[in-house]
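Shown next, in structure tokens, is the structure this report addresses.
The values are calculated or read from the model by the stated rules, or taken from the named source; none is laboratory data. Small disclaimer: the values here were computed from a predicted structure and weren't measured. Note that we place each Cβ from the backbone using ideal geometry, even for glycine, and neighbour counts take in every protein chain shown.
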Amino acid sequence: MRWTIWRRREPRRRPLAAPGDARIARAEAAIAGLPELTREVFFMHRFEDLSYERIARRQGIDVKEVEGHIAATLIALRRALKDFD
């Protein structure tokens with residue numbers, strides 16, 4: 001009997017929204033309305049996949065402040081997108 005090694009496949013991802021979707025436009029507007037440092041911290045964490053500690057060192061701020069910026073962004077997004085739920 002021959003053993004086969006199974007690899008975990010990446011799940012197929014379907015797009016969250018079609019281009020030009022109102023949800024994306026509203027989310028982008030909510031993020032654009034945030035202070036610059038808050039936007040930078042959010043993008044570093046979500047898109048550059050940096051830890052809170054690395055962001056804090058890079059920005060010269062405390063880890064708790066990084067947590068506050070992330071929380072503020074998520075609250076702004078929830079408020080902006082509450083009509084779509």
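Of everything in the range 44-58, what is of a type in the set (Gly, Ala, Ser) and buried (at least 18 other Cβ atoms within 10 Å of the Cβ)? Give them in sequence order.
Within the range 44-58, just ALA56 meets the criteria.
So which pairs qualify, if the first residue must be in the range 34-51 and more than 19 Å from ARG79 (Cα to Cα), the second must be charged (D, E, K, R) and modelled with pLDDT under 95, the Cβ gap must be under 7 Å, and the two must be at least 6 apart or on different chains?
From residues that are more than 19 Å from ARG79 (Cα to Cα), there are no pairs.
Results for (1) of a type in the set (D, E, K, R); (2) modelled with pLDDT of 95 or more; (3) surrounded by 15 or more Cβ atoms within 10 Å (Cβ to Cβ), shown as yes or no for each residue.
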{"position": "ARG23", "(1), (2), (3)": "yes, no, no"}
{"position": "PRO35", "(1), (2), (3)": "no, yes, no"}
{"position": "PHE42", "(1), (2), (3)": "no, yes, yes"}
{"position": "GLY60", "(1), (2), (3)": "no, yes, no"}
{"position": "ILE70", "(1), (2), (3)": "no, yes, yes"}
{"position": "ILE75", "(1), (2), (3)": "no, yes, no"}
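Out of PRO11, PRO19, which single residue is over 27 Å from ILE55 (Cβ atoms), of a type outside the set (Lys, Arg) and modelled with pLDDT of 55 or more?
One residue alone meets the criteria, PRO19.
Restricting the search to the range 35-66, which residues are over 13 Å from the mean Cα position of the chain (by Cα) and of a type in the set (Asp, Glu)?
Those that are over 13 Å from the mean Cα position of the chain (by Cα) and of a type in the set (Asp, Glu): GLU36, GLU53, ASP62, GLU65.
For the range 64-85, enumerate the residues that are β-branched (Val, Ile, Thr) and touching a helix residue (DSSP H, G or I) at 6+ places or on another chain (Cβ under 7 Å).
Scanning the range 64-85 gives VAL66, ILE70, THR73.
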